[in-house]
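Written below as structure tokens is the structure these notes are about.
We did not get these values from a lab; they are worked out from the coordinates using the rules stated. Given the structure is predicted, the values throughout are model-derived calculations rather than measurements.
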């Protein structure tokens, strides 16, 4: 069957699978979510959170199934997840190019690390159905803005979420660029990196200050799409041919796990230097993965 007919068919079936999976799992989340809302004590909240995380993991497993089915021949090259433990806490950072990144991260960490909890824009809480699921799972919702009040709200939301994450093993996920990479944003920022936007460490710093000693390590993730940045429609239609994911566990320096009163600025500077070095390494890695030795860049 020609691709012009096969791709829309794949897309329709995948969309149906995503919709049903999301609707059913979100409806199943309502009872434990209401229970922990109405009875806010640890003896109730912890088992409710376990049930919610189990349902979220099932949602990821179902997504992984249709992703594999829609493009069985897709090449997924994943490095660095074999020694992870779903009973531990991880702080996760990654470059960000597409909505596809989220499903990629969920797929590669499924069964290897705890369910990922993302930092989300405040507006996404109103997304039908899935916004309720994100709220029930205690995802931190951030008010984006440049004002001091907006930044303060962001950091307070991060702090409250991290306090909740202490109860059960969690992977706290933060896209440090704060937005998806585009050539226009790259030029506007005058970014010093070839393949990355400038990192923002505010939320990361609060996560470390709140529960830095609880994290087993930082998982520095690099995602590369050799055929170009895909859209969500590309994934639904089975047009994503190759995905490369490199996971580098990094020991979190002890002086970044918290800051004594009055030393926050110094800690922020140390964290910025640490992350900027990671970004330099990541930029070089992306360049090598996109243009392996012996294969010159496409014109």
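Rounded to the nearest 5, what % of DSSP beta bridges with both residues in the chain are antiparallel? Mind dumping the intermediate values first?
Numbers: 7 of 27 bridges.
Here the share of antiparallel DSSP bridges comes out near 25 percent.
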Considering the chain as a Gaussian network with a 10 Å cut-off on Cα pairs, which listed residue, 47, 140, 249, attains the greatest mean-square fluctuation? 47
Give me P(r) over segment 171-248, computed from all C-alpha to C-alpha distances, binned every 10 Å, as integer percentages. 15, 37, 34, 14, 0
Checking 89, 279, 126 against a Gaussian network model of the chain (alpha-carbon springs below 10 Å), the top fluctuating residue turns out to be 126
Cα Rg, Dmax, the chain, angstrom units: 19.6, 67
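Just to be sure I follow: if Rg is taken over the C-alpha atoms of segment 42-100 and Rh is the Kirkwood radius over the same atoms, what is Rg/Rh? Write out the running numbers ahead of the final one.
On the way: Rg = 15.4 Å, Rh = 14.8 Å.
Radius of gyration relative to Kirkwood radius: 1.04.
Give me the orientation-averaged projected area of the Cα convex hull of segment 1-128, in nm², one decimal.
10.1
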